[in-house]
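Just so it is clear, none of the values below were taken in a lab; they were calculated from the coordinates. Keep in mind the model is a prediction, meaning the values are calculated, not measured. Cβ placement follows ideal geometry from the backbone for every residue including glycine, while neighbour counts extend to all protein chains displayed.
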Amino acid sequence: MLRYAGRRLLSAAVVVLAVTVATFLILHVEPGDPARAVLGEHATAREVQTLRHEWGLDASLGSQFTRYLDDIARGNLGRSFLEQTSTTSLIRSRISVTAALVGMATLFSIVITVPLAALAAARKERLADHLVRGLSVTGLGLPAFWFGIVLIELFALHVRLFPVGGWGTSFWSHLEGLILPGLTASFAIAPILVRSLRVGMIEVLDADFVATLRAKGLGELRVLAHVARNAVLPALNLLGINIAFLIGSTVVIERVFALPGLGSLLLSSISERDFPVVQALTLVMAVAVVLINLLTDLLAARLDPRIRLG
Amino acid sequence: MSDADLVLNRQQLIRYGAAGAVAIAAGTLPGRSLAARPRMLAAAPKPGGTLRFARSIAPTTLDPANTIIAGDIYTLDKIFEPLFITSPAGKLTPWLATGYTVSKDKKTYTFHLRPGVKWSNGQPLTSADVVFSLDRSRKNPKGPLSFLDSAITSISSAGNSKVVVRLSAPWAPFISDISAFSNAIIPANYGGASETAFFKNPIGTGPFTVSGFTPDAPSLTLKKNPNYWQSGKPYLDAVTFTFVDDDNQRLLQLRGGQVDVIDLVPPSQVGALRSASNIHTLLSPSWQVDLLVLNEKDPHFADRNVRRAVMQAIDTKALAHAATFGTAKPGGSFFPPSLQYYSKSTKVLPHSLAAAKADLAKSKYPKGFATELLIDGGVQKWRTFAQIIQSQLKPLGINVKLRPLDHAAFESAFQKFDYKMFIDYAINDISDPDEMASFELDYKEGGSSSYWSSFNNPSVTKLVRQAQREFNPAKRAKLYAQIQDAVAQNAPFVPLDYPPYINAYSTKVNGFAVNPGGAYRLETVWLA
Amino acid sequence: MSVVSLEAELEPGPVGRGLIWRRARRSRGLLAGCTIIGLIVLAALLAPVISPAPPNQQDLYHILAGFSAKHPLGTDELGRDVLSRLLYAARTDLRVGVLAILFPFCFGTLIGTLAGYYGRFVDTLAMRVVDVVIAFPFYVLVIGLVFVIGPGIRGIYIAFAVADWVVYARTVRATTLVVRESDYVAAARAAGIGDLRLLARHVLPNTIAQAIVYAMNDIVLVIVAVVTLGYLGLGVQPPTADWGSMIGEGQDFLTTNWTLATIPGLAVVVTGLGLSLIGDGLANVLRP
Amino acid sequence: MIARARRAQRLGSRAATGGGPALAVAGLSVSVLRSERRYVAVDEISFAVGAGSAFGLVGESGSGKSLTLRALISVLPPSARVESGEVLLHGRAVPHTGRAARRARRGEMAMIFQDSLSALDPVVSIGAQVAEAPRRLMRLSRRRAWDRALELLRLVGLPDPSSTAHAYPHQISGGMRQRIAIAIALSTEPSVLLCDEPTTALDVTVQAQILDLLDDLRRRLDLAIVFVSHDLAVIRQLCDQTAVMYAGRLVETGATTAALEQPLHPYTRGLLDAIVDLDDAVGAPAPIPGSLPDIERLPSGCTFHPRCFLATEECSTIVPELRAPTNLPETHRSACIHRDKMVRQ
């Protein structure tokens, strides 16, 4: 197992490097000039040029990239154009918010997915199955801001159970502030997981060992637990991918609930063409995504011994 | 709309319930400003308490000379103060300077500093601080507003309480330029600290101070400045800013009682907010005008008749009513009504499809043409404006295709003249109209080729430069009236509307007011 | 002699053509799904006849009006009739939704099957490319695309073609890994059937179920994604109506006129329901 | 022996609830849903098995014998349903479906299947699967449940229980897997063990070991065994009572020796002739003409008549009863109107 993880970490480094190169190229090709964005409309061409020179943007693309690479090698992720601070300090203060949000969303989506998928599979083609289908499709069709605002109206305004938004100061207020956003984010992932787990469980329910379990006299819940463990593989893969998408798309959730996470920083730095911050964020997110994929594969091998780690 | 009606409303609310009040409110309240509404019971201000303020943009720096972003300006103006400021009613008011004397040739100004003003660390304010601050601002190569001080040749102190400023030529907007936030006064040599260290724990003359400022933090707390020169003020002990960029979320936090004041209330919510009994909505006139800019480098819009046809085809009354829910006044002159020397009698081309068709017939493209409208796709308001303009130009045979881009791509497109029409807003940062007039009409010197419209009318440019040197208010008013008429007749751009600043706050907040530049001084605010 | 237990109505291995058709006709879910989607397509085609007003006709003095005889579903922020826009939007969304996922579905499933079946080098290479695409920030890609090919619907197809196939690849690979180990694939390989025929006849029918189920969800995801892409200049350009933009425009009025965002949202949900019924129905029919 | 001691203590409690055979089946019928229509797959089956004895159920594939077993232990597939009849444990009737059915059978009835690989959960370790029933149903602590599992694995003859317990089903041989399936069945301390052709998929040598194990367990644990198979040799070795099933009906019942030496039904005679008798070099095997009818199109009267060498006109109209030939004891019955002719041969 360790040898496999080692080899995967090596290939992960290659992936992260590839992502950095791709982002660097596209960013520098795209329209929009960060110097102009900072100096505003009244700045003269000369002023813009002095700032571009100060940031080294007037050098050739090649030399800019080599300088960027050895900066990363030395652990310096550069300074933000827009805000007079290093990208690492910007990211450090926000990464815990996004990580907590992604964690909470994953937790909620698992807690929602497994029982619903089990119910739908056990009652195939009957009322419960169609209700679960309706629920999950509603989760897909209606966007995050819709659920967010409805949850706020219900649980933060009418019933003052949770804060309307914001990250709060103490650990408890962080947690309190994450319930509604986590739930909203899970509505985006859970529907896809429910569908896949349901199909998986229906296939497993036909397997003979289910008869053995029932013959043993186990209750329906215990039987479904066994079935879920066998059917979780494809759903686990989807969960791995979706967590990666979730990291990239926390923007909407962070905006709707005013959470100071990486998502809103990513969108603002892209729209202001704050290259160092975008590149630093992409690097961090790429590392997170690759680690999550590795984790999913290791978990899959752990869950299903038949899978040989190729 | 006298205050009595508002109280009546509250009683009706109790008697008829929310639904009844909404019907009454929607019907009776005109779409105009509720600003300057005298409180009925002028209770004495109660000191103490912390104001919780949810704002849309977080500050990235507190350095007055190096920023133009709203998030920074409306934070640092609580810490640093200029010699003059603009009052909520839009008037220049002596602040750190009690007044000034000017030489006969209008080229030398002597400012008298207000006695007894102390820095937040207790040190007295001296002329050396003023000289240091103004020189630092005007000589800054990267300063977004340093062009305002281009007329200054030298600044020197005359004793501890006087400062002498020499100009290269008479310059009417000078006092207004001095009132810009970029000319706020900071201690000489940053009070002995390094520049970065200074702006992390700034020392100012303003009503509040901040310690350990970190850019882009989710919240920021300003503490009361014990040495503030206005005795007894600020009433508040502290102000906590939280930064929430989603409009709905800011509003919900106010309704949920999580904050006391919010900024940038979306116009669509103003109607609903009127029915909320514990929330007050404040619409304050601004120095902003939303413009549809026509690119004269494009053959169609080089033709004056086409531009006039476009201006007359657009029904700004309907646009303001629908797109801003009646909160903004329809466009007329290219000067916003709140700006000094705005002329009510500008010869604006009235909206009339017939006149538009007539002008188009006289142009080189009588049967119309296909064109493109560039907008910043991320802003809902511009998407709505664009679709209205698109459908209002259709009857002329002008088929408009929309081209929404993300913010940075949008800016770089029009700044490279890579557009046919585009929508954006122009805003004056100071009370003097010269900033807007020269920036938008002085093709060569304005710095933006007439707001990227390439409008180059020598007679208009002459008027603009004349107005810069005219000190007699009546003569200056006449010059700006002529300028506004010329713009209205030549239509380099179509003024669409004048959006107000819309804030909302809980009824326990008193003394909150916003000047046309969007700034709100918090030393007058107190919590009931 | 193997015991033919009564539940296994079919012999293991590939599913005969005739049998698929017979099972398809009998599956209630599939039928219900087809009727829902059929009704929506019908409404889209009959849009010019049914809708009370032209979809783009603005009435700036009657914005955000409630339900009325003239406007059964009210008017939007530009005074346009919501019902008409809803019907015309069906045309755009179904077309964009289905076309946008075709390439990802086929390409992703192909890559997933090959990676899962052949393993080792092919698998590692494919999965690392997948990791790169997943890790890449979608927004930066979209803005780049707008610059290269300009705004409009083409951008949506390319954005999804570049970014969306990875989900299919990973899902299909996971199930292929398991199917590859099963007895009848080993038996078929032992019987000397070529890899290609074996993949098509034996492996794919078993792994396609997960891909189809996801594809049906994916169409809905495309329709909703049009909102965020629209802000950045990609996708359906105003004034053309589409559900995604109607939901996005309705966001500001959610607390005052909640129906503006909710009605197109429900339209997407009903379409999603129909598609998911079809997806599950197909998955059942194709399952050996 | 630990097992015996515990059984004695449990036996006490069960005896009190009324005598009667460990398992009795009265008029059991099961129908199956095929393309929107229901067909009878098991028709009015009745038999009984006393504690410590083994009952054989013989028939070709598709005769409904496996479905019968699944009906007894109520693990019928969704498409099948019990139409009528009763299942009695120690004289007490037990419900056919639902939670009550499962609770009534807990600690009473267990079952093992033919394909041992697909009968075990592939992703759970063997020890965990054996310990699951003691842990979940008998509320034993984790430690004691694990010990019980090792004990059971030793009971079914596994050489090294602790290492096998940590392995997974796909890592061990067919024979060993079947022993584990038996261990799992025994983990619920049943009094009745249903076996659905457990040895068919195994090679002969392993088959014999499993049969010896079952026989040994029957005696030592006083188990009632129902053994389904199509292999008459296996039935002769293990079972003292036997029933022959054809197209969902019992066609002959009786002591194994009687039924297999002096068959009273032509179908049983045909089955015996189809066996390659190693010591009888001369007689070539004579397979029964035709094939098993499909339950959707069953022949009228006696369902075997199209393939029967004794068939006469009435066979296609009269539905034969299962009873002994004239003036012979009811211990050996046959469902054939010409049963008396079979006696003479």
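Using the alpha-carbon atoms, what tilt in degrees (0 to 90, nearest 10) does helix C:120-135 show relative to the longest principal axis of chain C?
Helix C:120-135 sits roughly 10 degrees off the main axis of chain C.
Can you pull a Stokes-Einstein diffusion coefficient for the stretch D:259-344 at 20 °C (1.002 mPa s), Rh from Kirkwood over Cα pairs, as a whole number of µm²/s?
For these conditions, the coefficient is 152 µm²/s.
Enter the angle in degrees (range 0 to 90, nearest 10) between the Cα long axis of helix C:153-163 and the first principal axis of the Cα atoms of chain C, meaning the one along which they spread out most.
Around 40 degrees separate the two axes.
Would you pull out the residues with amide H under 5 Å of B:Tyr501's amide H, same chain only if 5 or more places away, H placed 1.01 Å from N?
B:Ser284, B:Ser286
Can you give the translational diffusion coefficient of the stretch A:100-243 in µm²/s, computed by Stokes-Einstein from the Kirkwood radius over Cα pairs at 10 °C and 1.306 mPa s?
97 µm²/s
Identify the residues of the stretch B:131-169 with backbone N under 11 Å of a label point that sits 7 angstrom from the Cα of A:Gln49 along the Cα-to-Cβ direction, or state none.
Counting backbone N atoms under 11 Å from the label point, the list is empty.
At a 10 Å Cβ-Cβ cut-off, how would you order A:Arg74, C:Arg197, C:Arg170, A:Arg222, fewest neighbours first?
Working: A:Arg74 7, C:Arg197 10, C:Arg170 27, A:Arg222 17.
So the ranking, lowest neighbour count to highest, is A:Arg74, C:Arg197, A:Arg222, C:Arg170.
If I model a spin label at D:Ala208 and D:Glu313 as a point 7 Å from the Cα along the Cα→Cβ vector, what separation in nanometres do I get?
Result for the modelled spin labels: 5.3 nm.
How big is the Rg/Rh ratio for the stretch B:214-343, C-alpha atoms only, Rh by Kirkwood, two decimals?
Reported Rg/Rh, Kirkwood definition of Rh: 1.10.
Would you please state which residues of the stretch B:456-499 a label at B:Glu445 would reach in this model, taking the label point 7 Å out along Cα→Cβ and a backbone N cut-off of under 17 Å?
B:456-472, B:476, B:479-480, B:483
Non-local amide H neighbours of D:Val42 (under 5 Å, H modeled in plane, Pro and chain starts lacking H): which ones?
D:Val30
Using the Cα atoms of the stretch D:2-239, I'd like the radius of gyration and the largest Cα-Cα distance, Dmax, both in angstrom.
Both quantities, over Cα of the stretch D:2-239: 17.5, 52 Å.
Give B:Lys420/B:Lys478; B:Lys139/B:Lys224; B:Lys233/B:Lys508; B:Lys118/B:Lys200 a once-over and call out the pairs whose C-alpha atoms are over 26 Å from each other.
B:Lys420/B:Lys478; B:Lys139/B:Lys224
Rounded to the nearest 5, what is the percent of antiparallel bridges among the DSSP beta bridges in the protein assembly as shown?
Beta bridges within the protein assembly as shown, antiparallel portion: roughly 70 percent.
Can you compute the charge dipole magnitude of the protein assembly as shown about its Cα centre, using +1 on each Lys and Arg Cβ and -1 on each Asp and Glu Cβ, nothing else charged? Give it in debye, rounded to the nearest 20.
Dipole magnitude for the protein assembly as shown comes out near 2240 debye.
What list of ³J(HN,Hα) values in whole Hz, one per residue of the stretch C:71-81 in order, does the Karplus curve 6.51 cos²θ - 1.76 cosθ + 1.60 (θ = phi - 60°) give from phi, with Gly and Pro shown as x?
Per residue, the Karplus-derived 3J(HN,Hα) values read 10, x, 10, x, 10, 8, 5, 10, x, 8, 6 Hz.
If I take R0 = 60 Å and measure r between the Cβ atoms of B:Lys118 and D:Ser141 in this structure, what FRET efficiency does the formula 1/(1 + (r/R0)^6) give, to the nearest 0.05? Walk me through the numbers before you get to the answer.
Values: r = 76 Å, r/R0 = 1.27.
My answer for the efficiency is 0.20.
Which percentage, to the nearest 5, of the DSSP beta bridges contained in the stretch B:288-498 is antiparallel?
60 percent
B:Arg55's amide H: which non-local residues (gap 5+, or another chain) put their own amide H closer than 5 Å, with H modeled 1.01 Å from N in plane and none for Pro or chain starts?
Close amide H contacts, sequence-distant or interchain: B:Thr242, B:Phe243, B:Val244.
Tell me, what ³J(HN,Hα) does each residue in the stretch D:54-63 have, in order and in whole Hz, if you take phi through Karplus 6.51 cos²θ - 1.76 cosθ + 1.60 with θ = phi - 60° and put x for Gly and Pro?
The phi angles translate into 10, 10, x, 10, 10, x, 6, 4, x, 7 Hz.
Within 10 Å of each Cβ in A:187-193, how many Cβ atoms from other chains are there, averaged over the peptide?
Counting other chains' Cβ atoms within 10 Å and averaging over A:187-193 gives 2.
What's the local net charge at C:Thr256, with K and R +1, D and E -1, over the other residues with C-beta under 14 Å away? Walk me through the intermediate numbers first.
Working: positive: B:Arg255, B:Arg274; negative: A:Glu153, B:Asp247, C:Asp76, C:Glu77, C:Glu249, C:Asp252.
Net of charged neighbours comes to -4.
If you average the sequence gap of Cα pairs under 8 Å that are 6 or more apart and divide by the length of the stretch B:288-498, what percent do you get for the contact order?
Computed value for the stretch B:288-498: 36 percent relative contact order.
Any idea which of A:Ala258, D:Ile275, D:Leu298 is furthest toward the positive side of the dipole for the protein assembly as shown, if Lys and Arg beta-carbons carry +1 and Asp and Glu beta-carbons -1?
A:Ala258
Residues of A:13-26, mean number of Cβ from any other protein chain within 10 Å of their own Cβ, rounded to a whole number?
4
How many percent of the alpha carbon pairs in the protein assembly as shown exceed a separation of 53 Å?
Values: 464975 of 1081185 pairs.
Cα-Cα pairs of the protein assembly as shown separated by over 53 Å account for 43 percent.
Explain nothing, just the number: relative contact order of chain A, from Cα pairs under 8 Å at least 6 residues apart, as a whole percent.
In percent, rounded to a whole number, it is 27.
How large is ³J(HN,Hα) for each residue in the stretch D:181-197, as worked out from phi by the Karplus curve 6.51 cos²θ - 1.76 cosθ + 1.60 (θ = phi - 60°), to whole Hz, x for Gly and Pro?
3J(HN,Hα) across the stretch D:181-197, in whole Hz: 4, 5, 4, 4, 4, 5, 4, 9, 6, x, 9, 10, 10, 8, 10, 9, 6.
So how tilted is helix D:204-221 from the main axis of chain D? Cα-based, degrees 0 to 90, rounded to 10.
With rounding to tens, the tilt is 70 degrees.
Which residue fluctuates the most in chain C, going by a Gaussian network model with Cα springs under 10 Å, if the choices are C:Ala161, C:Ala186, C:Ala53?
Per the Cα network of chain C with a 10 Å cutoff, C:Ala186 tops the list.
Report the antiparallel proportion of the DSSP beta bridges in chain B as a percent, rounded to a multiple of 5.
75 percent
Quick test of the membrane-span-like rule: which DSSP H helices of chain A reach at least 30 Å along their long axis (C-alpha atoms) with mean Kyte hydropathy at least 1.0?
Result, helices passing both filters: A:2-29, A:87-122, A:171-205, A:220-248, A:275-303.
Give me the three principal axis extents of chain A from the C-alpha atoms, as integers in angstrom, largest value leading.
Largest first, chain A extends 82, 55, 34 Å along its Cα principal axes.
Quick check: pseudo-label points 7 Å beyond the Cα along Cα→Cβ at D:Arg154 and B:Thr50, how many nm apart are they?
6.9 nm
Which whole-number percent gives the relative contact order of chain B, counting Cα pairs below 8 Å spaced six or more residues apart? Let's see the in-between values first.
Working: 1094 pairs, mean separation 105.7, N = 528.
Relative CO of chain B lands at 20 percent.
Please check which bits of the stretch B:459-482 a label hung off B:Val102 would reach, taking the label as a point 7 Å along Cα-to-C-beta and the cut-off as backbone N under 15 Å.
Backbone N within reach: B:466-477.
Mind giving me the FRET efficiency for C:Val129 and A:Val159? R0 is 56 Å, r the Cβ-Cβ distance, nearest 0.05 is fine.
It comes to 0.70.
What does the structure give for B:410-420 when I average, per residue, the other chain Cβ atoms found within 10 Å of the residue Cβ?
The mean count of partner-chain Cβ atoms within 10 Å per residue comes to 3.
Once each part is reduced to its C-alpha centroid, what is the distance from the stretch A:166-182 to the stretch B:498-528 in angstrom?
Using only Cα atoms, the two centres lie 29 Å from each other.
What translational diffusion coefficient, in µm²/s and rounded to a whole number, does the Stokes-Einstein relation yield for chain C at 25 °C and a viscosity of 0.890 mPa s, taking the hydrodynamic radius as the Kirkwood radius over Cα pairs?
My calculation gives 115 µm²/s for D.
Can you give the helix-only mean residue ellipticity at 222 nm for chain B, where every DSSP H stretch with n ≥ 4 adds -39500 (n - 2.57) and the sum goes over all residues, rounded to the nearest 500 deg cm²/dmol?
The per-residue figure over chain B is -9500 deg cm²/dmol.
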